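Step one of this worksheet: look at the structure below.
The values are calculated or read from the model by the stated rules, or taken from the named source; none is laboratory data. A quick note: this is a predicted structure, and the numbers were derived from the prediction, not measured. Neighbour counts run over all protein chains shown; Cβ positions are idealised from the backbone, glycine included. The accessibility values were calculated without ligands, DNA or RNA, using every heavy atom of the protein model including side chains. Shrake-Rupley method; radii C 1.70, N 1.55, O 1.52, S 1.80 Å.
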Amino acid sequence: MSPPIDYERTDPYQFGGVLPSPPTFDAAAAVILPVPFDRTTSYVSGTRHGPRELLLASAQVELWDEEIGADVHDRGLFTLPEVDLSSCTIEVAMSTLQRVTGEILDRGKFLVTLGGEHSITSPIVAAAAARHIGLTVLQIDAHADLRDSYLSQKHSHACAMRRTLDYAPMVQVGIRNISEEEVRALPSLRTTIFYDWNMRDDPDWIDRAVSALSETVYVTIDLDGLDPATMPAVGTPEPGGLSWRELTMLLRRTFERKTVVACDVVELCPVPGLVAPNFIAARLVYKLLSYKFGLSK
């Protein structure tokens, strides 16, 4: 069956593998969109392989979530084909993503986009913010990504959140890499930063982070926000970072208290022969879906 949205694509792997009750696009509550975009990588390349490896690993994720005591796959999880942005300019890639994700949101779907590099976030937030007035962004990341330009490219992964601020204010959590240029710009930017080095000094840091968000939220998770001991398969690793428990506590509280309208999980850079990070990323995506559909707000 052809998907109802037109773009250059390849045949999809299904999130969750062969689900017990595979839905149609129209019947699905959640849509998974793989975007293997890897154009501005500045250290280890390979995030273009992230979406496919995550989808392959997702076939091994148990559909019952023991934390919330539910299996949410029956709400309908539909995986669209990969968006092929390999032959267009970055500007066309960004406008294509904004159009495609906007059409998905217009159909009332909960959207989870799989990257690819972090530069894909800003056009998706643009689409979400155009449909949800007052949207804020929760960013989990090692890097602030607030440069106005990097290596002469305004859509670099290092500028992903600066471009996102054009559409919505942000709360940034786990940050432990920021340049002097970015620090100088902070007073003029609509963002609140929870730095990894001191945020845990306040035992209520998770509540403070969630309280800083508006009622309607977009969640973007760069996997290097996790401790590299847990998530080594990233292109720009940083020491420190969130544990799995800290990350899921933050996400659960966000879903419990706010209305999350879309998410992305980006920057998985698969390591040949090391499958654990791919599975962790897939489990994280299913956690997002479980929190969205398995919790009572």
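Let's see how each residue does on (1) assigned to a loop (DSSP other than H, G, I, E, B); (2) more than 20 Å from ASP264 (Cβ to Cβ); (3) touching a residue at least 12 places away in the same chain (Cβ under 8 Å); (4) of a type in the set (D, E, K, R):
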| site | (1), (2), (3), (4) |
| --- | --- |
| ALA160 | no, no, yes, no |
| ALA168 | yes, no, yes, no |
| GLN172 | no, no, yes, no |
| GLU182 | no, yes, yes, yes |
| ILE193 | no, no, yes, no |
| TRP197 | yes, yes, yes, no |
| ARG208 | no, yes, yes, yes |
| LEU213 | yes, no, yes, no |
| TYR218 | no, no, yes, no |
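Matching residues to (1) at pLDDT below 95; (2) under 14 Å from the mean Cα position of the chain (by Cα); (3) part of a helix (DSSP H, G or I); (4) over 23 Å from VAL171 (Cβ atoms):
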{"position": "GLY240", "(1), (2), (3), (4)": "no, no, no, no"}
{"position": "LEU251", "(1), (2), (3), (4)": "no, yes, yes, no"}
{"position": "PHE255", "(1), (2), (3), (4)": "no, no, yes, no"}
{"position": "ALA262", "(1), (2), (3), (4)": "no, yes, no, no"}
{"position": "ARG283", "(1), (2), (3), (4)": "no, yes, yes, yes"}
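Checking each residue of region 254-274 against the condition of being of a type in the set (Phe, Trp, Tyr), surrounded by fewer than 18 Cβ atoms within 10 Å (Cβ to Cβ) and touching a helix residue (DSSP H, G or I) at 6+ places or on another chain (Cβ under 6 Å) gives no match.
Could you please find all residues in region 266-297 being β-branched (Val, Ile, Thr) and more than 10 Å from LEU54 (Cα to Cα)? Talk me through it step by step, then tell me what you get.
Here is the first cut: in region 266-297, the ones β-branched (Val, Ile, Thr) are 266, 271, 275, 280, 285.
Within region 266-297, VAL266, VAL271 meet the criteria.
The residue list ILE178, ILE140, ILE133, ILE104 contains one member that is open to solvent by 10 Å² or more (accessible area, probe 1.4 Å) and touching a Leu at 6+ places or on another chain (Cβ under 8 Å), which is ILE178.
Which residue is least open to solvent (accessible area, probe 1.4 Å), if the candidates are limited to region 181-226 and must be among the polar types (S, T, N, Q) and under 25 Å from CYS263 (Cα atoms)?
Ranking the candidates gives THR220 first.
Note on region 72-92: among residues that are open to solvent by 20 Å² or more (accessible area, probe 1.4 Å) and in a loop (DSSP other than H, G, I, E, B), the one that is nearest to PRO4 (Cα to Cα) is ASP84. Is region 148-157 home to any residue that is buried (at least 24 other Cβ atoms within 10 Å of the Cβ) and farther than 18 Å from MET94 by Cα? Scanning region 148-157, I find no residue that is buried (at least 24 other Cβ atoms within 10 Å of the Cβ) and farther than 18 Å from MET94 by Cα, so the answer is no.
Condition first: under 24 Å from HIS49 (Cβ atoms) and surrounded by fewer than 16 Cβ atoms within 10 Å (Cβ to Cβ). Now tell me which residues in region 231-253 satisfy that. Spell out the reasoning first.
We begin by selecting, within region 231-253, every residue under 24 Å from HIS49 (Cβ atoms); these are 231-238, 241-242, 244, 247.
If the condition is that a residue be under 24 Å from HIS49 (Cβ atoms) and surrounded by fewer than 16 Cβ atoms within 10 Å (Cβ to Cβ), then TRP244 is the only one that fits.
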